[in-house]
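Reviewing the structure listed below.
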Amino acid sequence: LQGIFVLGLPYALLHSGYSGLFLIILAAALCCHTGKILIACLYEESDEGQLVRVRDTYEEVANACCKKLSPNLGGIVVSVTQVMELIMTCILYLVVSGNLLSHSFPSVPVTERTWSVVAFVTLLPCVFIKTLKTVSKLSQLCSLVHFIIILVVMTYCLTQIHQWSWAKFRLSIEFEDFLVSVGVIIFSYTSQIFLPTLEGNMKNPGEFRCMLNWTHFLACVLKTTFALAAFLTWGEDTKEVITDNLPSFLQTLVNLCLLTKALLSYPLPFFAATEILHVGISRGNHPNYRSPLFALAVRGSFLLFTLLLATFIPHFALLMGLTGSVTGAAMTFLLPSLFHLKLKWRKLSFLEKCADISVFVLGFLCSLAGIVCSIKGLLEVFG
């Protein structure tokens, strides 16, 4: 909930004004709600009235909802959406790596695309990652680097507190820019694809709801504080990646830390996506699809694919907005509320049904409008 994409939130406030602050809070509340109802879909009531966990994954929930149409249709839709989100996440890490290298070494006559290729070369060892144990060690280092980055940016912002002015906030906003900001904010909260596994591995799953409340509350406070402090410091000059606003003596240091974090973050979505792809392809009994060489080919092809897209769409905020609008909204708002209504309709109260329907409609409208505006923004950039 506190990944590298938090750095895009001040830019989202630039285009959404006061409503952006409300959106950060609203997104936290809605994401917390959909996380709870998604986990509720994993359980069914036994004859004795006890809740029993009968499903383990997001895909199994989807299959249960679509079993009358096709036994595996729901799982395929969810898997495709998951892979899309993970691909976009990997691409964003490459895009932001190119951006960071470009701003760290401005005297070097190299484009951001070329810097993304340089970052790609350092990620080639990812094709040899076979277990989550390696990924977890990299993620521990990633968390430490992230803490250092946020501390440095916040400390600098607090030294500029005498320049802060609420007049920097917009009262009027451009509708299209606002919708892109919605996608950015949604994407910064997405975590639903990990929740079934997380809840299943908790020592006391009964504490899941309490844990979700506290983590989303703290994430909301930290996001709001960070985005607000950064925007009040730079106002209209706020850039897509907020570290680009830092003075040169800090920018190079922080950008190199961010680069380290981005490269350390890449293996997790990369590993998750390639595992889904490999399992999906090798479901048959053909021995060629189960060989280590084939798995290596899948990982290598995926790595190269993310590089190609990163070089064609090198725009951090627009790409993050598009991702949040497409896969983020689907996995976070649309599917959990739809599955909850389908599986629990008879047991839900009127207010619970209204809440789920409202979340679904709101998520659909935001997703549709965000997709249109993000694509339009990308077309304008390329045009």
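If a residue must be farther than 25 Å from residue 244 by Cβ and modelled with pLDDT of 85 or more, how many such residues does the range 100-137 contain? Walk me through how you get there before you give the answer.
From the range 100-137, those farther than 25 Å from residue 244 by Cβ are 124-137; that's our starting set.
Now drop any that are not modelled with pLDDT of 85 or more, which leaves 124-128.
Adding up the residues that qualify gives 5.
One line per residue, one yes/no per condition, for (1) closer than 28 Å to residue 340 by Cβ; (2) modelled with pLDDT of 85 or more; (3) crowded, with 21+ Cβ neighbours inside 10 Å; (4) among the hydrophobic types (A, V, I, L, M, F, W, C):
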| residue | (1), (2), (3), (4) |
| --- | --- |
| 8 | no, no, yes, no |
| 16 | no, no, yes, no |
| 29 | yes, yes, no, yes |
| 38 | yes, yes, yes, yes |
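Do the conditions hold for residue 204, that is, is it free of Cβ contacts under 8 Å to residues at least 12 places away in the same chain, open to solvent by 40 Å² or more (accessible area, probe 1.4 Å) and over 30 Å from residue 296 (Cβ atoms)? Walk me through it before giving the result.
Working: free of Cβ contacts under 8 Å to residues at least 12 places away in the same chain: yes; open to solvent by 40 Å² or more (accessible area, probe 1.4 Å): yes; over 30 Å from residue 296 (Cβ atoms): yes.
The answer is yes for residue 204.
Got a sec? Which helices (runs of 4 or more DSSP H) wholly within the range 15-133 have at least 1 residues that are closer than 30 Å to residue 182 by Cα and touching a Gly at 6+ places or on another chain (Cβ under 6 Å)? Full working, then the answer.
Values: elements: 18-40, 58-66, 73-104, 112-122.
Helices (runs of 4 or more DSSP H) meeting the threshold: 58-66, 112-122.
Hey, among 146, 162, which residue is in contact with a Lys or Arg (Cβ under 9 Å, 6 or more places away or on another chain), within 25 Å of residue 21 (Cα to Cα) and at pLDDT 80 or above? I'd like the intermediate steps shown before the answer.
Numbers: 162 fails: in contact with a Lys or Arg (Cβ under 9 Å, 6 or more places away or on another chain).
Exactly one residue qualifies, and that residue is 146.
I need the full set of residues from the range 234-253 which are open to solvent by 40 Å² or more (accessible area, probe 1.4 Å), over 15 Å from residue 96 (Cα atoms) and not aromatic (Phe, Trp, Tyr), in order please.
Within the range 234-253, 236, 237, 248, 253 qualify.
Here is a list: 54, 118, 108, 61. Which entry is under 24 Å from residue 348 (Cβ atoms) and without any contact (Cβ under 8 Å) to a residue 40 or more places away in the chain?
Details: 118 fails: under 24 Å from residue 348 (Cβ atoms); 108 fails: under 24 Å from residue 348 (Cβ atoms); 61 fails: without any contact (Cβ under 8 Å) to a residue 40 or more places away in the chain.
Result of the check over 54, 118, 108, 61: 54.
Do we find that residue 89 is surrounded by 19 or more Cβ atoms within 10 Å (Cβ to Cβ) and in contact with a Leu (Cβ under 9 Å, 6 or more places away or on another chain) in this structure? Spell out how you get there, then give the answer.
Numbers: surrounded by 19 or more Cβ atoms within 10 Å (Cβ to Cβ): yes; in contact with a Leu (Cβ under 9 Å, 6 or more places away or on another chain): yes.
Spelling it out, residue 89 is indeed surrounded by 19 or more Cβ atoms within 10 Å (Cβ to Cβ) and in contact with a Leu (Cβ under 9 Å, 6 or more places away or on another chain).
Among the residues of the range 185-207, which ones are assigned to a helix (DSSP H, G or I) and more than 18 Å from the chain's Cα centre (by Cα)?
Just the residues of the range 185-207 that are assigned to a helix (DSSP H, G or I), to begin with: 185-187, 192-200, 205-207.
Residues satisfying the conditions are 199, 200, 205, 206, 207.
Inspect all residues belonging to the range 208-217 and state whether any of them is of a type in the set (Lys, Arg) and part of a helix (DSSP H, G or I). So that I can check it myself, show each step before the final result.
Step one: filter the range 208-217 for residues of a type in the set (Lys, Arg), giving 209.
Narrowing the set further to residues that are part of a helix (DSSP H, G or I) leaves 209.
Yes.
The values are calculated or read from the model by the stated rules, or taken from the named source; none is laboratory data. Keep in mind that what you see is a predicted model, and the values were worked out from it rather than measured. A quick note on method: Cβ atoms are made from the backbone with ideal geometry, for glycine too, and the neighbour counts reach across all protein chains shown. Only protein heavy atoms, including side chains, enter the accessible area calculation; ligands, DNA and RNA are left aside. Shrake-Rupley method; radii C 1.70, N 1.55, O 1.52, S 1.80 Å.
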